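Shown next, in C-alpha cells, is the structure this report addresses.
The values are calculated or read from the model by the stated rules, or taken from the named source; none is laboratory data. If you're wondering where the values come from, they're calculated on a predicted model, not measured in any experiment. So basically every Cβ, Gly included, is an ideal-geometry build from the backbone, and we count neighbours across all protein chains shown.
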Amino acid sequence: MTALGHEPKAVAPIAMRVRPRAGTRRAAASLACLGLGAAFVLPLLWVASLSVRDEADILSLRILPGSFHLANYADAFKTFNLGPLFVNSILITAGTVILSVAMSVTAAYAIASWRSRLTEGLFLLILLGLMVPPSLVITPFFIAMLNLGLYNSLLGVILAESAFALPVGILILRGYIDRIPVELVGAARVDGATSWQAFRHVVLPQLTPAIVTVALFITIFTWNDFLLPLVLLPSSDGSTLTVGLATSVGQYGQSDVGLLAAASLMSVLPVLAVFMAARRYYVLGLSAGALKQ
Amino acid sequence: MFVSWRVKALFVGPAVAYFAVFMLLPVLAALGLAWTSWTGFDIGQASWTGADNFVALVHDPVFGKALWHTALFVLLSTVLLNVTGLLVAMLINTRARGHDFLRVAMCVPLALSPVITAVLWQYLLGPYGLVNQLLSDVLGITGEPIGFLGEPALAFATIVSATVWQYSGINMLLFYAGLQSLPSERLEAAAIDGAGWWSRTRFVVLPHLRPVLAIAVLLNLIGGWKVFDLVYVLTKGGPNRSTEMLSTYLYEQAFTINNVGFAAAIGCVTCALAIASMLVRRPLAGAEYA
Amino acid sequence: MNREEGQSIRRREFIQRGIALGVAGSLTGTVLSACGSGAANGKGGPLEVWGWMPTTDPYATVFAAAGKRVVGDGSASSYHYTFSDFGSYPAKLKTSAAAVPPSVAQMPWDGTYHAMIAAGLLRPLDDVLPELPRFDPGVLEQMKFKGRTYAIPMDLNTLSIGYNKAIFAKLGLSVPETFDDLLALAKPLRDAGYQPLALPLKPGGDFSTDTYLAQVAYTDPSGTAVRRAEQGELPWTAEPFTRAAEQVQRLQKSGLLIDGASSLDIGGAVSVFGDQKAAMMYAVGNYLFNQLDQAIQGKFEYDMFPFPPPSAGVKPLATGGPAILWSVPKKAGNQDGATDYLKQITGRASAAMMVKNSFVPAFPADIPAHVDAHYRRILELQRGAATRVVFDPNVFVALRTAVTALLSGKGGAQDVVNAMQRAAT
C-alpha cells in the first residue's frame, strides 16, 4: 500500500524523471530562500544604514547614507546607559526562560498525558492568563507586586514575565507532546521506569525541537516586553533595553534617530545570537529511531 | 498504566500554584474592576456601579469601531500569518541552499522592539520617506505622497502588513518544528506515486501538522484580539479612529481618560472573545487531539 | 530492573526532588524578603524626584543641581531622580501615585493633572507661593484648579511657525500680518514649486490641538474661555470655540498644508523644512532648535512668527505655557525637602542654568545681552502667550481627533465643537 492508498500509476523510471527537474526545482527554491530572506532582513539593513549617519544626514532623508559616523554607537552607549540595560534585559530574559520552560514542560506533559476533567480544567484555567490584555492587568499586578515586596526588583519582573509566558509554553508544548505515541512511555513503564524516568529519558529527547521553539518564543516575548518592566522597575535607566530606548522619544515626538538606530541594532544582537545558536537543536529528537510507525 | 495522583500533582502542581499566585488574582481583580468606576489612583476610591460600564459599551460608537477593526484584523492576520509561515516552513524544509539564511532572516523582525519599529516604518512609509521617494522621484509614478500611515484604509493595511512581516517568523518556527517529525519517506513515497506539490501538501503535510496548525491559529487569534504594540506605535488608533483596536481603546480609557472601570469592561469583552476563539481547537486539531 | 530496585530508585528520586524544592523555596523566600523596597518617610529623608527627561538631558542637570542644593540645605538626606519616557509617564505616575509617590513629580499637562487633583493626591501649594518669585499671572492662572494652585511652573515654551527667510526673500513675500495674508501665501509658494506649511498630522504625533488653540487665542481675547469651559461654566459650543474651528477649516481649504500632512511627523517636518522643500513649518519652539540647526546646516536663515490674528492691528499671540511643572504628592515623605526643591528650582542659580541652556524661565530672570537670536525671539513671543492645553481628557481627545479629521478634509467646523461638547458630558 502506498502512502496515498491507491495503486501507482505507470510512470517513467525515477532516474529519468526526477533528476533534471530536481535541479531546477532546487535552484528555484534557493532563489526563493535568498529573496524572501532579503525581504525580511532589508528593514534591519535600513536601520543599520540609519545608525551610521549623523543627525544632518538623517534629517536630509537621503536613501543612501551620506556619512559614516560610527561614533553613534559609542554615543548611544553613553546616552542610554546601555551597559546596565543590557545586563538587566539578559538576566530577566534568561530567568524567565528557565523558570517558565521548566514549569511548562512538566505541566504540559501532565495535562497532555493524563487526561481527566481536572487536568483539562487546569489547562483552561492557565490559558486564561493568555486571554487578558496586558494593559488591563498591569495595575492589579503592580499592587500585587508591591504587596509581595517585589517592586523594584529584577526577580519581581522575572516572576511576572513567567506568569505570562507559562500559558504560551504549556499550550505549545501540549501540542507537540500529543504527537508522541503513548506506547513509548508504556514500554518504558513496563521496563520498570517511574513516570519521572520515563519522562526524562523517553519523552524529553523527543521534545527537544519543541522545547527549543518555546524557549525562543519566550525569549522574544520577554526581551521586547515593555509594560511589565515599565511599571515594575521605577526608573528607565535601571530598566530593560526596551524601556530605556523608549526614552529617546521626546515630548513633542522628536527623537535622535541615529542614536536610537545604533542602540536598537546593538539590542537586537543578543536575540539574533540566540537564534543562531538554537539552529542546531532543531535537528532533532528523532535520533532515538523510536518513531517507527 | 497507573500513575499515582501524587506524581501527577508534582508534575502539574508548581505551575498551577505559581499561576494562582501571580496571575489568577490579578486577572480576577482586573475583570472585577469592570463593575466599578475608578480613576486608577487610590483603589479605595473605586465605587461599585454594577453593569453600567457594559451598558455604556453597547452605546459607544468608538467601541463598535474598535470591535469591528479588531475582528477584521484578527481574521486577516491569522490567515496571512499561517499561510506565510507554512509556505516558508515548507520552503526551508527543502533544505535548498540558502534555507539556513532564510530561517534566521525570518526571525530577525521578531527581535525588533516597538520603538525602533515605529521609527523604521515612519522612515520607510512616511510622506517623504523611502517608499514615497522611490515612487515619486526615482520611478516617477506618483505626484502626491501616499499616506501609508495617515490615510484610514491604507493605515489599516499597513498595520496588517507590518504584523505579518514581524510575526510570521513565529508561525514558521512552529510549523518547521512540526515538519521535523514528518519522515521524509512519506513525502518521497507520495512523490513516487505521482502526487504533485499541492496533493502532497494537502494529503501528507497538512494532516500531519493539524495539531500544530491548531495551536498556531489559536495563538494568532488570541494574539490578534489583544494586538497593541504595533498599532500603538504606528498610528495610536488613528487617523480618526480608523485603526482603533480594542486594546488601544482600552489603554486610552485607562491611562488618558482615567476611566479604569470602562477600560476593564473593554478588557472583559476582549477576554471573552479570546476565550471564544478556543472553540476552533477541536475542529482544527481533529477529534483525537482535542 | 525488578520491583524492589525500582521502588528504591523511586524513593531516592522523590527525596532528591523534595530537597531541591525545599532549597529552592527557602532561597526564594529569603531573596523575596530582601528585595522588598522600603519607603523612607519623615523629615530629612531622601528627595525623590520624578520626571520624563532622560538623565543625560540638560534639563535633568538643572534638576540635579537644584536637588544638590536641597541636600546642602539639610532638607533632604539625598537626591534621587527617576524618569521614564514621556509617552508612558502618565501611566507610571498613575500606577505609583497612591502607593509609592515621589517627593516631587513633574506633572504632565494633560488630564492626569486634574484627575490627580480630583483624587486628592496633590498638595495645594498656595502657601509656598509667597516664598517663590513672581510668576506671570497668566501662566499661574493655568495652574489653578477651583482657585487653588497645585503645580509650580519652572519654564515655558512657545510654539510658532518657522519660515525660511531665503525663500520668502526670493519670492518677495513678507511675514503675514493677518490670517488671510497667511492663507494667501499658499498660491505663490506652490507656484514656485514649494510646499507651503509642513504641519505634522500623523496620528499620535500631530499638532492639531496646537493649531486649533492658536486660533482660540484670538477668538477669545480674555484668555479664560478654555479654563471656564473645563469648569463647566461655558459650553464648548460657545462662540470663541466655533469661530476658531471655522478658522481651522479655512486653513485646510486654502491649500496651505503640505501634501501628505496626514502622515507627517515632526521629524519629517524638520527634514522637509531643512531640505527647503517646505517654506514654513509648525511648530517651532526652543525644543527644536538643535534639530533645526542640524537639518539646515547653515543653508539658510530662519525665523519665527505666531499664527497671525484674524484682523490687522491685533497683537500676534503665540501659544505656549509651562513646559515643566512641579507638583508635590500629598502622601510623599519629606514634604519639607519638596518645598525646598520648589524654591531651589525657581531660584537665581537655577535660572542662570536655564538661560545658559536656552530654556525660558517662568519667572523674571536676568537675560545676558549676548544670547542666540532665536532664543531672544522666543523670549519675546513668550510674553502673553495663550494656553495650548485642555485639561479635560475627554474633551482633549475629542478635540484632537476632530481637528485632525478637519485638517485632513473630513468633517466640518461645527463637528469639532459638537464633538467637544459631547465629550464633556
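Details
- Qualifying residue in segment C:356-369 (condition: without any contact (Cβ under 8 Å) to a residue 12 or more places away in the chain, in a helix (DSSP H, G or I) and not assigned by TED's automatic domain parsing to the domain that holds C:Phe305): yes
- Residues of segment B:26-53 satisfying the condition of being without any contact (Cβ under 8 Å) to a residue 24 or more places away in the chain, at the interface with chain A (Cβ under 10 Å from one of its Cβ atoms) and exposed (fewer than 15 other Cβ atoms within 10 Å of the Cβ): B:Leu28
- Any chance A:Thr93 is within 24 Å of A:Thr219 (Cα to Cα), of a type in the set (S, T, N, Q) and assigned by TED's automatic domain parsing to the domain that holds A:Asp237: yes
- Taken as a whole, segment B:235-253 holds at least one residue that is more than 19 Å from the chain's Cα centre (by Cα) and part of a helix (DSSP H, G or I).
- Scanning segment B:195-222 for residues that are surrounded by fewer than 21 Cβ atoms within 10 Å (Cβ to Cβ), at the interface with chain A (Cβ under 10 Å from one of its Cβ atoms) and either among the hydroxyl-bearing types (Ser, Thr, Tyr) or in contact (Cβ under 8 Å) with a residue 60 or more places away in the chain (or both) turns up B:Ser199, B:Arg210.
- Candidate set: segment B:254-275, residues that are facing another protein chain (nearest Cβ under 7 Å) and in a loop (DSSP other than H, G, I, E, B); chosen: the one surrounded by the fewest Cβ atoms within 10 Å (Cβ to Cβ): B:Ile257
- Subset of segment A:108-124 [more than 9 Å from every other protein chain (Cβ to nearest Cβ) and not in a helix (DSSP H, G or I)]: A:Arg115
- The helices (runs of 4 or more DSSP H) located wholly in segment B:90-172 that include 1 or more residues which are of a type in the set (D, E, K, R) occupy B:99-107.
- Hits in segment C:140-172 (condition: surrounded by 19 or more Cβ atoms within 10 Å (Cβ to Cβ) and assigned to a loop (DSSP other than H, G, I, E, B)): C:Tyr150, C:Ala151
- Residue among C:Arg400, C:Arg376, C:Arg422 that alone is under 30 Å from C:Asn290 (Cα atoms) and either in contact (Cβ under 8 Å) with a residue 12 or more places away in the chain or of a type in the set (Gly, Ala, Ser) (or both): C:Arg400
- Restricting segment B:168-187 to residues that are out of contact with any Ser or Thr (no Cβ under 8 Å at 6 or more places or on another chain) and more than 9 Å from chain A (Cβ to nearest Cβ) leaves a set whose member that is modelled with the highest pLDDT is B:Phe175.
- Scanning segment A:74-91 for residues that are over 19 Å from C:Gln291 (Cα atoms) and more than 9 Å from every other protein chain (Cβ to nearest Cβ) yields A:Ala74, A:Phe77, A:Leu82, A:Gly83, A:Pro84, A:Leu85, A:Phe86, A:Val87, A:Asn88, A:Ser89, A:Ile90, A:Leu91.
- Selection of segment A:236-250 for residues being among the β-branched types (Val, Ile, Thr) and more than 18 Å from A:Val271 (Cα to Cα) yields A:Thr247, A:Val249.
- Residue match in segment A:204-216 (condition: farther than 26 Å from A:Val268 by Cβ and either crowded, with 21+ Cβ neighbours inside 10 Å or among the charged types (D, E, K, R) (or both)): yes
- Checked against (1) facing chain B (nearest Cβ under 10 Å); (2) among the aromatic types (Phe, Trp, Tyr); (3) surrounded by fewer than 24 Cβ atoms within 10 Å (Cβ to Cβ), A:Trp223 passes all but condition (3).
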